[in-house]
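The values are calculated or read from the model by the stated rules, or taken from the named source; none is laboratory data. The model shown is predicted, which means the values in this text are computed figures rather than measured ones. Every residue, glycine as well, gets a Cβ built from its backbone with ideal geometry; the counts of neighbours run over all protein chains shown. The accessibility values were calculated without ligands, DNA or RNA, using every heavy atom of the protein model including side chains. Shrake-Rupley method; radii C 1.70, N 1.55, O 1.52, S 1.80 Å.
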Amino acid sequence: MKKKYSKKDLTEFKKLILKKKSDTVDQIKHMSEDTMKKSPKEAAGDISSYTYHMADIATDTYDREFTMSLASNDRALMYEIEEALKKITDGTYGVCEECKDLISKVRLKAIPYARLCLKCQEKKEK
Ligand SMILES: [Zn+2]
């Protein structure tokens, strides 16, 4: 027998994923707003006028790299979320990609886009 979650469960998980998706979108928006609000001058603080310009450039580069790394994490997360939504449509959601066992509900509630069950995830991380 193929293991999978019932339609009713899938509907609940879908809600969780969509919630996670809108939270992520909000987070991305906040993050870019924060980056724009923070002026390089403020970040450079009380560095003397001689080094000021250099510090300005450095902070600016750092901020941009930081924002970009966050953005790529968020992009990865959005991808996982989209994949999870696709799986809900196919009815394969909640099935571990490794052992084909069901991923526990507790785990899916914590990480609604999980691809692996806890056992396989732990094995992979070792
Ligand atoms: Zn597994």
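Give just the number: which of (1) more than 15 Å from Thr11 (Cβ to Cβ); (2) part of a helix (DSSP H, G or I); (3) open to solvent by 80 Å² or more (accessible area, probe 1.4 Å) does Lys100 not satisfy?
For Lys100, the exception is condition (2).
What single numbered condition from (1) assigned to a helix (DSSP H, G or I); (2) more than 10 Å from the ligand (Cβ to nearest atom); (3) open to solvent by less than 80 Å² (accessible area, probe 1.4 Å) fails to hold for Tyr79?
Among (1) assigned to a helix (DSSP H, G or I); (2) more than 10 Å from the ligand (Cβ to nearest atom); (3) open to solvent by less than 80 Å² (accessible area, probe 1.4 Å), Tyr79 violates only (3).
Residue by residue through the stretch 83-97, note down the ones that are open to solvent by 30 Å² or more (accessible area, probe 1.4 Å), without any contact (Cβ under 8 Å) to a residue 40 or more places away in the chain and not basic (Lys, Arg).
Glu83, Thr89, Asp90, Glu97 - these are the residues of the stretch 83-97 that are open to solvent by 30 Å² or more (accessible area, probe 1.4 Å), without any contact (Cβ under 8 Å) to a residue 40 or more places away in the chain and not basic (Lys, Arg).
Identify, please: which residue in the stretch 103-126 is more than 9 Å from the ligand (Cβ to nearest atom) and part of a loop (DSSP other than H, G, I, E, B) and is, among those, surrounded by the fewest Cβ atoms within 10 Å (Cβ to Cβ)? Give the steps one after another, and end with the answer.
Narrowing the stretch 103-126 to residues more than 9 Å from the ligand (Cβ to nearest atom): 104-115, 122, 124-126.
Still in the list and also part of a loop (DSSP other than H, G, I, E, B): 104, 111-115, 126.
Values: Ser104: 15, Ile111: 16, Pro112: 24, Tyr113: 21, Ala114: 20, Arg115: 16, Lys126: 5.
If we take residues in the stretch 103-126 being more than 9 Å from the ligand (Cβ to nearest atom) and part of a loop (DSSP other than H, G, I, E, B), then Lys126 is surrounded by the fewest Cβ atoms within 10 Å (Cβ to Cβ).
Taking Thr51 as meeting all but one of (1) open to solvent by 90 Å² or more (accessible area, probe 1.4 Å); (2) modelled with pLDDT under 85, write down the number of the exception.
(1)
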